[in-house]
Amino acid sequence: MKREGTPAEESPEPKRMDTGEAEVLVLKLLLPGKEVGNVIGKAGSVLKALESDTGSRIRISAIDEVIPATRERIATITGPMEAIQHAAQRICAILFPTHEDAAQTTENSVKLLMPHASIGVVIGRGGAVIKEIMQATGTTIKISQPTDVVPGTQERILSISEIGRASCRER
C-alpha cells in the first residue's frame, strides 16, 4: 500500500543501481571545507588517483553546494561495496593523517548523510545495532534528530567520532 503525500514527504528508495555485475551503492561523506583541497589535490590529481586505485566514482559538491549553516561539502562515492569501503578508508586517512600533524587536528569525526528512512536499520531494535557497532569499533555514533533533516532532502547526518581508535587504514 502506497502512502499518501507529496513527493517531498515520501521516503526515498535506497540509492542502488543494478549494473548486471556487482551492485553499485552510494555513500555520502561530509568533508570540512578546509580539507576539500587535500582530497581533490592539485588539478584533481588525488581525486583521480583515489578513483583509479579504488574502482569507485567520487564526486565532490561545488563550493556553493554546502550543507546549510556549515562549510561542509558532500563527497558522493559510488561503486561496489568493496570500492566504496576502500575509497572511504583512503579519504579518512587524508582527513586524519597519522604523522606529527595529526595532533593539530581539532575535530576527529566523520559525518555521513543517510536517508531518513534507513536510520532505523542503523539504530536497530532498542538501539542494539548501533551499540554493537560502537563497541566493535571503539567509536561514538550520533544521529541527527528526525526534525533535523538536511533542508531540501530527506537525509540525516550520522556523525562517527573517536575514529582514532577505529581503523581508517586498510585491513
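The values are calculated or read from the model by the stated rules, or taken from the named source; none is laboratory data. Note that this is a predicted model, so its numbers are computed, not measured. Methodologically, a virtual Cβ is constructed for each residue, glycine included, from the backbone with ideal geometry; neighbour enumeration extends over all protein chains shown. Just so you know, the surface numbers come from the protein's heavy atoms only, side chains and all, with ligands and any DNA or RNA stripped out. Shrake-Rupley method; radii C 1.70, N 1.55, O 1.52, S 1.80 Å.
Could you check region 43-54 and list, in sequence order, the residues that are open to solvent by 50 Å² or more (accessible area, probe 1.4 Å) and under 13 Å from residue 89 (Cα atoms)?
Matches in region 43-54: 53 only.
Pairs needed: first member in region 121-150, polar (S, T, N, Q); second member anywhere, in a helix (DSSP H, G or I); C-beta distance under 8 Å; at least 6 residues apart or different chains.
What qualifies is 139/133; 140/134.
I'm checking my understanding of the structure. Among residues of region 23-36 that are over 17 Å from residue 150 (Cβ atoms) and either open to solvent by 50 Å² or more (accessible area, probe 1.4 Å) or assigned to a strand (DSSP E or B) (or both), which one is modelled with the highest pLDDT?
In this case the residue turns out to be 25.
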